[in-house]
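What follows is a single structure, written as structure tokens, with notes after it.
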């Protein structure tokens with residue numbers, strides 16, 4: 001073979017290599033990664049036999065229902081703020097079974113301590129305080145069907161100071177709850193609870209047992225509601241004159 005033939009042979013080999021199809025891009029054709037599951041840290045408050053019995057008594061007194069269990073069917077998610085800026089201090093108030101002595105505003109209604117199913121820290125960390133489908137004392141008239149989410153903040157029950165991280169966590173938590181409990185119909189702020197008196201979910205029998213609430217602030221509710229619009233959760237009904 002001459003030098004000329006040898007060079008032509010090499011050129012043909014190189015040309016053939018350049019025309020080979022490129023390897024398929026496996027990464028480019030793969031499905032997008034699913035979002036990570038919602039991280040919830042279990043940090044239970046006391047819910048011993050005493051607290052369970054007090055809850056049953058509360059249900060009987062305020063809702064005229066005799067129950068053998070404190071399980072409920074969730075139909076409402078209620079967002080709150082703690083009116084305190086410290087997580088540990090807020091957690092400590094919900095921890096014991098009996099109502100603290102400084103809660104003179106609701107002490108006559110029951111010795112059962114207030115509670116909530118979740119608490120969201122300022123950095124957005126979500127803590128589960130008790131079983132999601134157990135009755136907690138967190139909203140007058142609706143406890144028999146309401147899941148409560150407390151957010152650390154709302155200093156002195158005035159400042160609309162909840163954080164963007166808390167907004168994001170509440171959005172994720174509402175989506176999680178609606179997926180887990182399709183029976184959930186409503187998303188409300190605590191300050192809206194009295195608008196629910198016209199619904200069948202309102203069970204309070206004591207006409208004098210009401211409180212004035214501001215939590216978790218209108219700005220916070222607007223932000224969360226906007227993000228969960230695809231869930232089609234209802235707002236409280238408007239009064240007839242509005």
Open item on the list: Just to be sure I understand, how many residues within the stretch 146-162 are loosely packed, with under 14 Cβ neighbours inside 10 Å and more than 22 Å from residue 129 (Cβ to Cβ)?
Closed with: 2
Task: Restricting the stretch 81-137 to residues that are touching a helix residue (DSSP H, G or I) at 6+ places or on another chain (Cβ under 6 Å) and part of a strand (DSSP E or B), the residue that is farthest from residue 212 (Cα to Cα) - done: 126
TODO: Please verify whether the stretch 49-69 includes one or more residues that are modelled with pLDDT of 50 or more, surrounded by 10 or more Cβ atoms within 10 Å (Cβ to Cβ) and within 21 Å of the chain's Cα centre (by Cα).
DONE: no
Open item on the list: Suppose we filter the stretch 163-175 for residues that are surrounded by 21 or more Cβ atoms within 10 Å (Cβ to Cβ) and out of contact with any helix residue (DSSP H, G or I) (no Cβ under 6 Å at 6 or more places or on another chain); how many remain?
Closed with: 4
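The values are calculated or read from the model by the stated rules, or taken from the named source; none is laboratory data. On a predicted model such as this, the values are computed, not experimentally measured, just so you know. Cβ sites come from the backbone with ideal geometry, for glycine too, and all protein chains shown count toward neighbours.
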